[in-house]
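Presented below is the structure to which this report refers.
Read-outs throughout are calculated quantities, based only on the coordinates presented, and are distinct from any laboratory measurement. All values reported here derive from a predicted model rather than from experimental measurement. Methodologically, a virtual Cβ is constructed for each residue, glycine included, from the backbone with ideal geometry; neighbour enumeration extends over all protein chains shown.
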Amino acid sequence: MIGIIDLGLSNLKSIQNAVKSLGHDTIILRENNSKDIKKVSNMILPGVGSYLNLSNNLAKCVELKKELDLHVRAGKPFLGICLGMQFLSSEGNEHGKSKGLNLIPGKVIKIKTKDKLKIPHVGWNELNILHQNEIFKNIETKTNLYFVHSYYYVPENQSHVIAETIYGLKIPAVINRENIYGFQFHPEKSSNNGLQMLNNFCSI
């Protein structure tokens, strides 16, 4: 069973439909059914919008946060997608400083490039795989994936970045620390390669 967390800032249906299309059962997790986290093997935190809003919304979900922490500490797979990946960090700087989950220490800052590229970064970019990992099963380096974001994750420990993309500067595209993963791209919008990576996570 794949649990998908609803904190009011995500494209839940598209993620849920993508996971279901891969043959996995799903459940949407909210504060009022947070105990159901115990039923799930793998958990996904999707997110679209503001880091600050996500932080504020999670602060209202005391039981959900508690069960989420227990899931991660038990060594069960956890994936953050887009804003959800950024929220794995220690803090974000969107509309002021706010706290993240601090699961993969680092900070999230706005993309600034010398090339005056358009922000937000929207479109297909190549994945440069830095460290082999089971999440890249049947995925080749230079695979194109779909990105939509204005902020990016800056790690405390560079070894937690296992793939990157280039958009005027090096941007972490996939991060990993033990059982915790993050995708900056949208796997559900990235055609077969994105679905392959989503399935790789759901199959861990």
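Annotation note: GluC sites (Glu not before Pro) in the range 90-171 located in DSSP loop regions with a Cβ neighbour count of at most 16 within 10 Å are Glu140, Glu156.
Is the shape of the range 109-197 rounded, prolate or oblate, going by the alpha carbon gyration tensor and its root eigenvalues a ≥ b ≥ c, with a/c under 1.5 for rounded and a/b larger than b/c for prolate? Oblate shape, in that a/c is at least 1.5 and b/c is the bigger or equal ratio. Backbone amide hydrogens, once placed in the peptide plane, bring Ile44 within less than 5 Å of Gly3, Ile4, Ile5, Leu79, excluding anything fewer than 5 places away on its chain. The distance from the alpha carbon centre of the range 1-68 to that of the range 84-162 is 20 Å, rounded to a whole number.
Determine which lysines satisfy two conditions relative to Lys170: a Cα distance under 25 Å, and not lying fewer than 8 residues away in the same chain. Qualifying lysines at Cα under 25 Å: Lys97, Lys99, Lys107, Lys110, Lys112, Lys114, Lys116, Lys118, Lys137, Lys142, Lys189. Build a GNM of the chain with springs between Cα atoms under 10 Å apart, and of Pro105, Pro46, Pro187 the one that fluctuates most is Pro105. Distances longer than 15 Å among the Cα atoms of the range 66-151: what percent of all pairs is that? When all Cα pairs of the range 66-151 are counted, 70 percent exceed 15 Å.
Calculated mean residue ellipticity, 222 nm, the chain: -6500 deg cm²/dmol, from DSSP H runs (n ≥ 4) at -39500 (n - 2.57) each, averaged per residue and rounded to 500. Charged neighbours of Thr141, selected by a Cβ distance under 11 Å, balance to -2 (K, R count +1; D, E count -1). Distances between placed amide hydrogens fall under 5 Å for Thr26 paired with Ile2, all partners being 5 or more residues away or on another chain. Kindly work out what percent of the DSSP beta bridges joining two residues of the chain are antiparallel, to the nearest 5. Taking every DSSP beta bridge with both residues in the chain, the antiparallel ones total about 55 percent. Evaluating 6.51 cos²θ - 1.76 cosθ + 1.60 at θ = phi - 60° for every residue in the range 39-49, the Karplus couplings come out as 7, 8, 8, 10, 10, 10, 10, x, x, 9, x Hz, glycine and proline recorded as x. Note on the chain: with a GNM built from Cα contacts shorter than 10 Å, the maximum mean-square fluctuation among Ile27, Ile44, Ile162 falls on Ile27.
Computed over the range 2-202, the percent of Cα pairs more than 23 Å apart is 38.
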